[in-house]
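*Asks:* Just dropping this structure here.
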Amino acid sequence: MSTVYETMYILRPDLSDEQVDQAIAKYQTLIQDQGAENIEIQNRGKRRLAYEIKKQRDGIYIQMNYTGPGTIIAPLERAMRLSEEVIRYLTIKQEVSEAAADKVAVTA
């Protein structure tokens, strides 16, 4: 059974555009290998953090929306936890109405 997930993560602000693209590609490939589908990635850009995290005042926000089995989350979050470039991450399971779920099932 596939579930809809949203993962938001914050990268260090001192990364170059190339390093940001590499990090995005790394996590996208990781979830694809685990069976994720309908992956949408949005680079929200550099923003001021509400409070200092790991001596950083700014961060580059990346949002990923995808569907897949629940077994995707543990390897993804482990990779982010061990990474030096990610300063925060959060994955939530999105509530999807039946009409939207039927639409996703039809288009998939």
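*Asks:* Report the residue count in the range 73-93 for those that are out of contact with any Asp or Glu (no Cβ under 7 Å at 6 or more places or on another chain) and either within 14 Å of Lys26 (Cα to Cα) or not aliphatic (A, V, I, L, M) (or both).
*Replies:* Going residue by residue through the range 73-93, those that are out of contact with any Asp or Glu (no Cβ under 7 Å at 6 or more places or on another chain) are 73-88, 90, 93.
Narrowing the set further to residues that are either within 14 Å of Lys26 (Cα to Cα) or not aliphatic (A, V, I, L, M) (or both) leaves 75-86, 88, 93.
Within the range 73-93, residues that are out of contact with any Asp or Glu (no Cβ under 7 Å at 6 or more places or on another chain) and either within 14 Å of Lys26 (Cα to Cα) or not aliphatic (A, V, I, L, M) (or both) number 14.
*Asks:* Any idea which of (1) among the β-branched types (Val, Ile, Thr); (2) outside any strand (DSSP E or B); (3) crowded, with 17+ Cβ neighbours inside 10 Å is the one Ile10 doesn't satisfy?
*Replies:* Status for Ile10: all satisfied but (2).
*Asks:* Which of the residues that make up the range 32-46 are out of contact with any strand residue (DSSP E or B) (no Cβ under 6 Å at 6 or more places or on another chain) and either over 19 Å from Ser83 (Cβ atoms) or buried (at least 17 other Cβ atoms within 10 Å of the Cβ) (or both)?
*Replies:* Gly45
*Asks:* Which pairs do you get when a residue that is assigned to a loop (DSSP other than H, G, I, E, B), found in the range 35-47, comes within reach of a residue that is polar (S, T, N, Q), reach meaning Cβ atoms under 7 angstrom, with the pair 6+ apart or on two chains?
*Replies:* Taking only residues 6 or more apart or on different chains, the pairs are Ala36/Thr67.
*Asks:* Determine if the range 22-32 includes at least one residue that is of a type in the set (S, T, N, Q), on the phi < 0 side of the Ramachandran plot, assigned to a strand (DSSP E or B) and at pLDDT below 95. Explain how you work it out, then say what you get.
*Replies:* If we filter the range 22-32 for residues that are of a type in the set (S, T, N, Q), which is where we start, we get 22, 28-29, 32.
When the remaining residues are screened for being on the phi < 0 side of the Ramachandran plot, the result is 22, 28-29, 32.
After this cut, where a residue has to be assigned to a strand (DSSP E or B) as well, the list is none.
No, the range 22-32 contains no residue that is of a type in the set (S, T, N, Q), on the phi < 0 side of the Ramachandran plot, assigned to a strand (DSSP E or B) and at pLDDT below 95.
The values are calculated or read from the model by the stated rules, or taken from the named source; none is laboratory data. Fair warning: this is a prediction, and the values are worked out from it, not measured in the lab. Methodologically, a virtual Cβ is constructed for each residue, glycine included, from the backbone with ideal geometry; neighbour enumeration extends over all protein chains shown.
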